[in-house]
1. Just need the Rg to Rh number for segment 26-148, please, alpha carbons only, Kirkwood Rh.
2. Please check which bits of segment 138-174 a label hung off Arg127 would reach, taking the label as a point 7 Å along Cα-to-C-beta and the cut-off as backbone N under 17 Å.
3. Starting from the 7 Å offset along Cα-to-Cβ, what nm value, one decimal, do you get for the label separation of Thr52 and Arg164?
4. According to a simple spin-label model (label point 7 Å from Cα along Cα-to-Cβ), what is the distance in nm between Asp219 and Val98?
5. For the chain, what ratio Rg/Rh do Cα atoms give with a Kirkwood hydrodynamic radius?
6. Given the -39500 (n - 2.57) contribution per DSSP H run of 4+ residues, what per-residue ellipticity at 222 nm results for the chain, rounded to the nearest 500 deg cm²/dmol?
7. In whole angstrom, note down how far apart the Cα centers of segment 40-104 and segment 191-245 are.
8. Which of the aspartates and glutamates could a cross-linker span from Lys73 if the Cα-Cα distance has to be under 17 Å and same-chain partners fewer than 8 positions apart are dropped?
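Read-outs: derived from the displayed coordinates by stated rules, not from any lab. Because the structure is predicted, anything quoted here is derived from the model rather than measured. When we count neighbours, we look across all protein chains shown, and the Cβ atoms used for this are built from the backbone with ideal geometry, even at glycine.
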Amino acid sequence: MMMKKVFICFVAMLAVVSVQAQKTIMFDLSHGQCRDVYEGYETYPLVVPAYTEMAAEVGAHLVVNEEAEITSKLLKGVDVLVMLSPLSNKLQKDLTDVEKEALVKYVKKGGSLIFFVDDNHRVDVERYGANDVFRPFGIEVGKDVPLPGNVGAVSFKNEIFKERYEIPYSGACLMTGGTPASVCMEEGYLHGTYVQLKNGGKLFVGGDTMVGLLLGYPDGERKSFNRMETRWWGKDSRAYMTDLLAWGLRK
């Protein structure tokens, strides 16, 4: 009987350790992300389940922030925060001063922030306030990239990405600063850039949110454009984002 009790206590302790060891990825939907002005093209019904699966693949669990203001209290215990870009400047909810301050502190204190913006046709970047989060880390976004649609981008094989991934890129904003992580297939414009602090804090910024929306097709043809019916070039979005989540969790 004593041995049975000891065994049960040991199993319970393992369960507690397992729960404590599991890391948390927060997926933000509180700023108008994953919603579109084109009815029927909202992406959150598909994207959130996919990120739940991807989080599990990298040893974490996903929580979704539907509408709460992002504060230091909300971010307590969050290992990685993922913020895709709003898809409509009419529907976007701008960052508050409280949120900007909390996000900067979060990275400086060792958190990992993965933050996508998009072209100004979709999101009013300055009004959104993204640069107030990026500038303290030497990154800035600006005007739109002067390129046609569906040109595609590729990642570098580096400390984040296991492979040279092919990813969609169509309509993006110009970016400066950070360490290049992925670049446009035309003229080498930055697609993704990052900084990593000595204490483990990380900031990744993407200038086009298509990869974060897990878009792209194996049969996509670069520079072929048919508005919402386009078969976007870039087959590796899920692998790209899975590696990005794993990097964010690494300490």
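1. Result: Rg/Rh = 0.96.
2. Output list for this probe position: 142-144.
3. Label at Thr52, label at Arg164, 3.7 nm between them.
4. Distance between label points: 5.0 nm.
5. 1.02
6. One gets -8500 deg cm²/dmol as the mean residue ellipticity at 222 nm.
7. 16
8. List returned: Asp28, Asp97, Glu99, Glu101.
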